[in-house]
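I have placed the structure first, in the form of structure tokens, so that the comments after it can refer back to it.
The values are calculated or read from the model by the stated rules, or taken from the named source; none is laboratory data. Just so you know, these numbers come straight off a predicted model, no measurement behind them. Reconstructed Cβ throughout: ideal geometry from the backbone, glycine too, with neighbour counts over all protein chains shown. With ligands, DNA and RNA removed, areas are computed over all heavy atoms of the protein, side chains included. Shrake-Rupley method; radii C 1.70, N 1.55, O 1.52, S 1.80 Å.
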Amino acid sequence: MLVFKTVKQPALAKINLYLHILGRRADGFHELETLMALISVHDTLEIDLIAAAAGIEFTCSDPALSDARDNLATKAARLFLDEFKISTGVRIHLDKKIPVGAGLGGGSSDAATVLCAMNMLTKTHAPVARLAELAARLGSDVAFFLHPPSAICRGRGEIIEPVTLRDDLQGVLVHPGFGVSTPWAYKIYAQNPAPGVTGRAFADFTLRNDLEPPAFSKYPWLPAVKAWFQRQPEVIDALMSGSGSSVFALTRTADERGRLVVRFRAEFGKTLFAEMFSVAQRIG
């Protein structure tokens, strides 16, 4: 029995606190080990069930993302309905705040949020493990967003080990307005498989991203902004997230991140994406 109501949920972004590439797999992909953590920067999704004849309706605050056929959120809804043989229409509105092509997992988080919302709206009560199976079909890191807020992910990102971070982490996240192609970054890495620069050690991890060298070689803004962050007195250290093109700086206190974001906007302009964030300690 379908219950027609609206679910409004945040879809949190993630950052990679470290990303190690361990080698090439037989299937052509790279073997990874990465520590991912959810942060307070997020999209917002409104999802409700409508008449089956309406199909899947999708709108987005960003007109560039309004094509429902090429959106992970609508693909997640369709997969859920097909898998559980449910006949209903779905209306999805995405308020997009996470930059696209930024190494923050925005599309994957949107997809995971839709799977959870569909599970709730249709009263399917599928366990997380079942939703994770569907998530793996949508993308390598989609399943991470179904789990607690931080995890070590291995394989292509689909093998997930939840962890608890002992450090209270916050900082500033910036995005230059352009993206970095993930396949391109791995292709360039494969041509010269050198590790990224090792950064600051924390209680549970040491900052490092093996995709920084290829991204930095093509996009000089990225190493320049990372170096600028590292010169600021509030900053513990900085790192690119995922394959880029976002860069985050970690600060000791919330007050310090406030001063840092003001100085960044004064230095680089107010039109660039620059947001304060906290690493999520729990979900819900």
* In terms of the ratio Rg/(2.2 N^0.38 Å) built on C-alpha atoms, what value belongs to the range 7-67? -> 1.71
* Among 60, 150, 129, flag the residue with its Cα farthest along the positive direction of the charge dipole of the chain, charges on Cβ as +1 for Lys/Arg and -1 for Asp/Glu. => 60
* residue 80: net charge of surrounding residues, Cβ under 12 Å, Lys/Arg +1, Asp/Glu -1, itself excluded? -> +2
* Structure fact -> Between the residues 22, 238, 170, the Cα farthest towards the positive end of the dipole of the chain, that dipole coming from +1 and -1 charges on the beta-carbon of Lys, Arg, Asp and Glu, is from 238
* To do: Quick one: dipole size for the range 1-152, taken about the Cα centre, charges +1 on Lys/Arg Cβ and -1 on Asp/Glu Cβ, in debye to the nearest 20.
  => 260 debye
* Using a 1.4 Å probe, how large is the accessible area of residue 75, given in Å² and rounded to the nearest 10? -> 90 Å²
* **Too-long pairs where the Cα-Cα distance tops 30 Å, listed order kept, from 218/270; 75/226; 5/75; 5/270; 187/270** => 75/226; 5/270; 187/270
* Return the long-range amide H neighbours of residue 163 (sequence gap of 5 or more, or a different chain), with a cut-off of under 5 Å between placed amide H atoms. => 150, 151, 152
* Karplus-derived HN-Hα couplings along the range 257-271 (A = 6.51, B = -1.76, C = 1.60, θ = phi - 60°), whole Hz, x at Gly and Pro -> 5, x, 5, 5, 5, 5, 5, 4, 5, 5, 7, 10, x, 8, 7
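Let me have the 222 nm mean residue ellipticity of the chain computed from DSSP H runs of 4+ only, each contributing -39500 (n - 2.57), with the sum over all residues rounded to the nearest 500.
After summing the helix terms and dividing by the residues of the chain, the value is -9000 deg cm²/dmol.
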* Structure fact -> Cβ-Cβ cut-off under 13 Å around residue 215, Lys and Arg +1, Asp and Glu -1: the net charge is +1
* Structure fact -> Amide H neighbours of residue 209 at under 5 Å, excluding residues fewer than 5 places away on the same chain, with H built from the backbone geometry, are 19, 196, 197
* Mind checking the alpha-carbon convex hull of the range 39-173 and giving the volume per residue in Å³? -> 114 Å³
* **Distance between the range 100-123 and the range 146-173 - C-alpha centres, whole angstrom** => 17 Å
* **Binned Cα-Cα distances of the range 162-284, short to long, each 5 Å bin given as a whole percent** => 2, 11, 20, 23, 19, 15, 9, 2, 0
* Distant-in-sequence amide H partners of residue 280 (H built 1.01 Å from N, under 5 Å) -> 38, 39, 40
* To do: Specify which labelled value, from (1) 24.7, 72; (2) 19.0, 59; (3) 17.6, 53, agrees with Rg and Dmax of the Cα atoms in Å derived from the coordinates of the model shown.
  => (2)
* With springs only between Cα atoms under 10 Å, which of 157, 105, 23 fluctuates most in a Gaussian network model of the chain? -> 23
* Structure fact -> Per-residue accessible area, 1.4 Å probe, largest first, puts 169, 138 in the order 138, 169
* Quick one: Karplus J couplings for the range 36-51, per residue in order, coefficients 6.51, -1.76, 1.60, θ = phi - 60°, nearest Hz, x for Gly and Pro? -> 10, 9, 6, 10, 6, 5, 7, 7, 10, 10, 10, 10, 9, 8, 10, 4
* Could you order 276, 118 by accessible surface area, starting with the largest, using a probe radius of 1.4 Å? => 276, 118
* Sort 116, 60, 153 from largest to smallest accessible area, using a 1.4 Å probe on the heavy atoms of the protein chains. => 116, 60, 153
* Structure fact -> the chain: relative contact order from alpha carbon pairs under 8 Å, six or more residues apart, as a whole percent, is 21 percent
* Asked: P(r) tail for the range 26-116, what percent of Cα pairs lie past 20 Å?
  -> 41 percent
